[in-house]
1. Among rounded, prolate and oblate, which fits region 115-209 when a ≥ b ≥ c are the square roots of the eigenvalues of its C-alpha gyration tensor, a/c under 1.5 means rounded, and a/b larger than b/c means prolate?
2. Can you match percent of Cα pairs over 32 Å apart to one of these, (i) 21; (ii) 30; (iii) 16, based on a calculation from the structure here?
3. Roll a 1.4 Å probe over the protein heavy atoms and report the accessible area of residue 32 in Å², nearest 10.
4. Give me the 1.4 Å probe accessible area per residue for region 70-192, excluding ligands and nucleic acids, in Å².
5. Work out how much length residue 174 to residue 19 would gain on full extension: take 0.36 nm times their residue separation and subtract the Cα-Cα distance, in nm to one decimal.
6. Explain nothing, just the number: relative contact order of the chain, from Cα pairs under 8 Å at least 6 residues apart, as a whole percent.
7. With a 1.4 Å probe and every protein chain kept in, tell me what percent of the accessible surface of the chain is carbon plus sulfur.
8. Top mean-square fluctuation among 73, 16, 31, Gaussian network model of the chain, C-alpha springs under 10 Å?
Amino acid sequence: QLLQQPQAARAAFEQAIALQPELALAHHNLAKLALAEGWMGIAEQAFQRALLLQPGNAELHLDYGDACLRFGAPQRAVEHYRLATRLAPSARAYNCLGIALQALGKLDLARTSYLRALKLDPESTSTPINLAQLHERQGDLDAARALYETLLARHPDDTRSHLQLAALYRKQVDWPSAAAHHPALCRALENYLQQDDPEPLPLLHAMAMPL
């Protein structure tokens, strides 16, 4: 409930820090709040203090890597994501590392990182989408399509995958597949719009495609 009132949450975290300056969790929480609210200077300062206090905290390195991407510093993000993979290997760490490497144009390394993430979490939905988008960037539309279709066979309500697949059918000028897929796309979007707090989706023009 406190986090729904960002200024009050900030005051609470800052009070905790004033009482216990060495409490890394308070700095970490302040950093995450500041990042969510767009207070970039506060976020950077709080992350740096938290990292100084807990340099071996993998989750902290992951969150700071996310912040670095927001700051437009993918190389710095790579450094912290790599630290996280060494401290506590996880699907999130390798997926995030792949995103940062892809942002730097290091596509082969990004693909390797995505595959490691999938090995750790085969049921992930975000990693296959990231890998599929990498294939699209490299021009391998068939590989991207196979990933989207496989993902939707396991997670038929994943709206983002439906949107990406619909856009891919357009790229391939595969109107029969697009038409066959259209009802499932509409159902997924209807379900998405009925959610109380849906995850933001990319603004694609999949619904406007001629059939």
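The values are calculated or read from the model by the stated rules, or taken from the named source; none is laboratory data. Keep in mind that what you see is a predicted model, and the values were worked out from it rather than measured. Heads up: the accessible areas ignore ligands, DNA and RNA and are worked out on the full protein's heavy atoms, side chains in. Shrake-Rupley method; radii C 1.70, N 1.55, O 1.52, S 1.80 Å.
1. In terms of gyration-tensor shape, oblate.
2. Read-out taken from this structure: (ii).
3. 80
4. Spelled out: the 1.4 Å probe surface of region 70-192, per residue, equals 48 Å².
5. The residue 174-residue 19 span can extend by a further 49.5 nm.
6. Over the chain, the number comes to 9 percent.
7. Carbon and sulfur together cover 54 percent of it.
8. 16
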